[in-house]
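Inspection log for the structure reproduced underneath, given as structure tokens.
The values are calculated or read from the model by the stated rules, or taken from the named source; none is laboratory data. It should be emphasised that the depicted structure is a prediction, and the values quoted were computed from it without experimental measurement. Positions of Cβ are generated from backbone atoms using ideal geometry, with glycine treated the same way; all protein chains shown enter the neighbour counts. These accessible areas exclude ligands, DNA and RNA; they are computed on the full protein's heavy atoms, side chains included. Shrake-Rupley method; radii C 1.70, N 1.55, O 1.52, S 1.80 Å.
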Amino acid sequence: QVIKCKAAVLWEANKPFSIEEVEVAPPKEHEVRIKIMATGICRSDDHVITGVLAMPFPIILGHEAAGVVESVGQGVTSIKPGDKVIPLFVPQCGECKSCLNTKGNLCSKTDLGTSAGLMPDGTTRFTCKGKAVYHFLGTSTFTEYTVVHESAVAKIDSAAPLEKVCLIGCGFSTGYGAALQTAKVEPGSSCAVFGLGGVGLSVIMGCKAAGASRIIAVDINSDKFAKAKELGATDCINPKDFSKPIHEVLMEMTSQGVDYSFEVIGRTDTMTAALACCQLNYGVSVIVGVPPAAQKITFDPMLLFTGRSWKGSVFGGWKSKDAVPKLVADYMNKKFVLDPLITHTLPWTKINEGFDLLRTGK
């Protein structure tokens, strides 16, 4: 039956979240209803608030979480009530072109780029004050209960601490995979990472795990350098400390540029700088940050003509349903740490304070 619970509803852009009572419909065929136990906040959620990522309103945001299955719809066989799970904003249907290709991970069932805000059948499972409320990326985790499609949920180790592994639902996996899966960083190589938020720090962890010998962290907030070094950065530089463009600084530091660069901010100027700072013939630059809507990049095509590769990476290139349980197992086996990525733990009624902390770089 319908569950009444609390959710953080965003009624319109550039307004704070409003904690409301919502009705969450039971799961339909091939759907799963989850009790959310922990959720992280991500810049991509903030992009919807500021209008950079266009979505319909009212909406329940959130896409990085972990929880426990409350009930399942007809035909769901892989998951049962009581299972610990992570919702997947990039599903894995196993049938589309990307899912069937070994190189692909961006399932066609994802809501990323379509901004429909609806379940695969074109309807919503949330109502508030008699109004339909939209879903976000097929996950919507800023609520006590949510409904996701069976292809958009991964069953994980029942012993996993949900308040930590929720980060594997987006931030950690996105950064770590950008280094290991998308760029395929090699031992002894040099890397530059632009942006030291949770995802940027996870890129550093991935570069270190891959055996990179030099990892240069770039951010305009020097307060972030200590943690970057703790996680594996060998050098930290602040573009504000230099009078010349940052790509020139990096070129000089590395004699001819880095082997791999990562843009983990979501700004077009830093995307071009990251491309320009990698080795002109075999350098690889990866765009990890969500690009701003309605902005275009203008750059000198000679940057690519000489042989550089420019790549994008969604969810770190992982096939979500396959990779998430393995990443959780790796965490349980202490292959990587998540604690340094968690700066604050708030009761979720203080979600607006959480976003203020995100915006101030804290």
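Values computed for the structure shown
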{"read-out": "Hits in the stretch 1-14 (condition: open to solvent by 70 Å² or more (accessible area, probe 1.4 Å) and either free of Cβ contacts under 8 Å to residues at least 24 places away in the same chain or part of a strand (DSSP E or B) (or both))", "value": "LYS4, LYS6"}
{"read-out": "Looking only at the stretch 281-294, and only at residues there that are under 24 Å from CYS170 (Cα atoms) and of a type outside the set (Gly, Ala, Ser), the one that is surrounded by the fewest Cβ atoms within 10 Å (Cβ to Cβ)", "value": "PRO292"}
{"read-out": "Boolean, THR146 is in a strand (DSSP E or B) and within 20 Å of the chain's Cα centre (by Cα)", "value": "yes"}
{"read-out": "Scan of the stretch 269-280 for residues that are open to solvent by 10 Å² or more (accessible area, probe 1.4 Å) and either assigned to a loop (DSSP other than H, G, I, E, B) or on the phi > 0 side of the Ramachandran plot (or both), ordered by number", "value": "GLN279, LEU280"}
{"read-out": "Inter-residue pairs, beta-carbon under 8 Å, first closer than 22 Å to GLU252 by Cα and in a strand (DSSP E or B) and in the stretch 185-209, second aromatic (Phe, Trp, Tyr) and open to solvent by 10 Å² or more (accessible area, probe 1.4 Å), 6+ apart", "value": "SER190/TYR260; CYS191/TYR260; ALA192/TYR260"}
{"read-out": "Checking LYS326 against (1) in contact (Cβ under 8 Å) with a residue 24 or more places away in the chain; (2) in a helix (DSSP H, G or I); (3) surrounded by 12 or more Cβ atoms within 10 Å (Cβ to Cβ), the condition it does not meet", "value": "(1)"}
{"read-out": "Members of the stretch 70-103 that are free of Cβ contacts under 8 Å to residues at least 40 places away in the same chain and either touching a strand residue (DSSP E or B) at 6+ places or on another chain (Cβ under 9 Å) or acidic (Asp, Glu) (or both)", "value": "LYS80, PRO81, GLY82, GLU95"}
{"read-out": "Positions within the stretch 180-214 being on the phi > 0 side of the Ramachandran plot and either charged (D, E, K, R) or open to solvent by 10 Å² or more (accessible area, probe 1.4 Å) (or both), in sequence order", "value": "LYS184, GLY188, GLY211"}
{"read-out": "Count - residues of the stretch 149-174 that are within 18 Å of ALA329 (Cβ to Cβ), in a helix (DSSP H, G or I) and open to solvent by less than 10 Å² (accessible area, probe 1.4 Å)", "value": "6"}
{"read-out": "Residue check for SER255: at pLDDT below 95 and not assigned by the TED database to the domain that holds LYS334", "value": "yes"}
{"read-out": "Every residue from the stretch 333-362 that is among the polar types (S, T, N, Q), touching a residue at least 60 places away in the same chain (Cβ under 8 Å) and surrounded by 10 or more Cβ atoms within 10 Å (Cβ to Cβ)", "value": "THR349, ASN352"}
{"read-out": "Residue that is surrounded by the most Cβ atoms within 10 Å (Cβ to Cβ), among those in the stretch 44-58 that are more than 18 Å from GLY354 (Cβ to Cβ) and small (Gly, Ala, Ser)", "value": "GLY51"}
